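See structure below.
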Amino acid sequence: MPLPKSILSAAFVLVVVVSVILAGYIWLALSWSYSEGELAGFMQKLSKKGWLCKTWEGELSLVALPGAAPEKFLFTVREDSVAAKINEQVGQRVALYYEEHRGLPTSCFGDTAYFVTEVKLVKP
């Protein structure tokens, strides 16, 4: 027995409304930053990874004091042009400018909440 048209129409409207709300939430989470800042350290690595959603994931080694164990700052890069600049400076001391975006629903947007927007080489 087929479902009445009114139930199918209501289900369709519900799916559209939920999709629009989810898309709006994702857009807001990606465009509004919770925090932003700058970190300096030595670029360890940058790689593009993921099964379905490929994202640039990187690692910056932060050294506070000589002889101290380095702390790692894990980050994501959304733009290929920024990733190319970072790849040129792997192994060198750099300053990364980042934005923190909390509440993203999946790892398709990146493995971390920290998105690097700019990189500059730090002169010794």
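The values are calculated or read from the model by the stated rules, or taken from the named source; none is laboratory data. The model shown is predicted, which means the values in this text are computed figures rather than measured ones. All Cβ positions, glycine included, derive from the backbone under ideal geometry; neighbour counts span all protein chains shown. Remember, those area values only see protein heavy atoms, side chains included, never the ligands or the DNA or RNA. Shrake-Rupley method; radii C 1.70, N 1.55, O 1.52, S 1.80 Å.
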Q. What net charge do the residues around residue 99 carry, taking every other residue with its C-beta under 14 Å from that of residue 99, with Lys and Arg at +1 and Asp and Glu at -1?
A. -3
Q: Kindly report, to the nearest 10 Å², the accessible surface of residue 102 as traced by a 1.4 Å probe over protein heavy atoms only.
A: 140 Å²
Q) Can you give the accessible area of residue 36 in Å² (nearest 10), computed on protein heavy atoms with a 1.4 Å probe? A) 130 Å²
Q: Compute the accessible area per residue over the stretch 71-124, keeping the other protein chains in place, probe 1.4 Å, unit Å².
A: 58 Å²
Q: Return the carbon/sulfur percentage of the accessible area of the chain, one whole number, probe 1.4 Å, all protein chains in place.
A: 63 percent
Q. Gap in Å between the Cα centre of the stretch 52-85 and the Cα centre of the stretch 93-109?
A. 10 Å
Q: Return the distance in nm (one decimal) between the two label points of a simple spin-label model at residue 93 and residue 10, each offset 7 Å from Cα along Cα→Cβ.
A: 6.7 nm
**Q.** Among (1) 48; (2) 54; (3) 36, the entry derived from the coordinates for percent of Cα pairs over 20 Å apart
**A.** (2)
(Q) P(r) for the stretch 30-86, please, calculated from all Cα pair distances in 10 Å bins and given in %. (A) 20, 45, 29, 6, 0
Q | Rounded accessible area of residue 99 (nearest 10 Å², 1.4 Å probe) | A | 60 Å²
Q. Say R0 is 41 Å: what FRET efficiency, to the nearest 0.05, do residue 51 and residue 117 get from their beta-carbon distance?
A. 0.95
Q) In percent, what relative contact order does the stretch 39-78 have, based on Cα pairs under 8 Å that are 6 or more apart in sequence? A) 35 percent
Q. Under a 1.4 angstrom probe, counting protein chains only, how are 56, 51, 27 ranked by accessible area, largest first?
A. 51, 27, 56
Q: Skip the ligands, DNA and RNA, and give the accessible area per residue of the stretch 1-56 with a 1.4 Å probe, whole Å².
A: 83 Å²
